[in-house]
Amino acid sequence: MPSREELLQQEEAAWAEFIAEVGRVPEHRRSDDGVVPGWSVTDLVFHNGKWAGVAATKLEAIGASGTAGEEDPDEVWRGKNDRWAEESKSLSYEDAMKAALEDRERARAALNALPEVTDEATSWFKEETFDHYQEHTEEVSRFADSLGVPQE
């Protein structure tokens, strides 16, 4: 099992990679749908932040009671994703990034606040932060490539 510091380093590296790919997309194209069907770069930035927020909430629950609690059914998660996608459509890129950074920092703080990093905590943090960022980094990279933006 990775240590707290290793988890934080992996999260930091994955976020930096995600942001580097986001940075390849010209500002005037970040609200264009098409990164994935119906989603823009701005939507994915907000989406990644919201999932980091889920990790924060679960880690806070683990810190308070020793467990993250019952797992929500898939339809609950799909509903949240849909609401977040709708919400992000009304945000500027800057506002989406600000919200994402706040949720990201909350997840990192929640991990740091745990007296012990359990398997459950590791799983929530890993899956909802750096694993999630990496999935969307690949999509943003393909979108930037499709716009003819060179990789640095």
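Just so you know, all these numbers are worked out from the coordinates, no wet-lab data involved. As the structure is a computational prediction, the values presented were derived from the model and not from experiment. Don't worry about glycine lacking a Cβ; one is built from the backbone with ideal geometry, like all the others, and counts go over all protein chains shown.
Amide H contacts for Asp32 (H built 1.01 Å from N in the peptide plane; partners 5 or more residues away or on another chain; cut-off under 5 Å): Val41. How large is ³J(HN,Hα) for each residue in the stretch 4-15, as worked out from phi by the Karplus curve 6.51 cos²θ - 1.76 cosθ + 1.60 (θ = phi - 60°), to whole Hz, x for Gly and Pro? Listing the rounded values in order: 3, 5, 5, 4, 5, 5, 5, 5, 4, 5, 5, 5 Hz.
Distance between the C-alpha centres of the stretch 1-21 and the stretch 22-45: 22 Å, rounded to the whole angstrom. I want to verify a result. In a Gaussian network model of the chain, Cα cutoff 10 Å, which of these has the top mean-square fluctuation: Ser92, Ser31, Ser40? Evaluated over the chain, the most mobile residue of the options is Ser92.
Before anything else, pin down the relative contact order of the stretch 1-99: Cα pairs under 8 Å, at least 6 apart, normalised by residue count, whole percent. 29 percent. Of the residues Ala121, Ala52, Ala68, the one that moves most in a GNM of the chain with alpha-carbon contacts below 10 Å is Ala68. Would you mind telling me which residue in His132, His28, His47 has the biggest mean-square fluctuation in a Gaussian network model of the chain, where springs connect alpha carbons within a distance under 10 angstrom? Highest fluctuation of the listed residues: His28.
Taking the beta-carbon count within 10 Å as an exposure proxy, list Trp84, Trp51 from fewest neighbours to most.
Sorted ascending by nearby Cβ count, the order is Trp84, Trp51.
Fewest neighbouring Cβ atoms within 10 Å first, the residues Trp39, Trp77 line up as Trp77, Trp39.
Given the rule -39500 (n - 2.57) for each run of at least 4 DSSP H residues, summed and divided by the residues of the chain, what is its mean residue ellipticity at 222 nm, to the nearest 500 deg cm²/dmol? When only DSSP H runs of four or more count, the value is -24500 deg cm²/dmol. Based on alpha carbons, the Rg and Dmax found for the chain are 15.6, 50 Å. Over 19 Å between Cα atoms, which of Lys50/Lys126; Lys58/Lys89; Lys58/Lys126 qualify? Going by Cα-Cα distance, Lys58/Lys89 fall outside the 19 Å limit.
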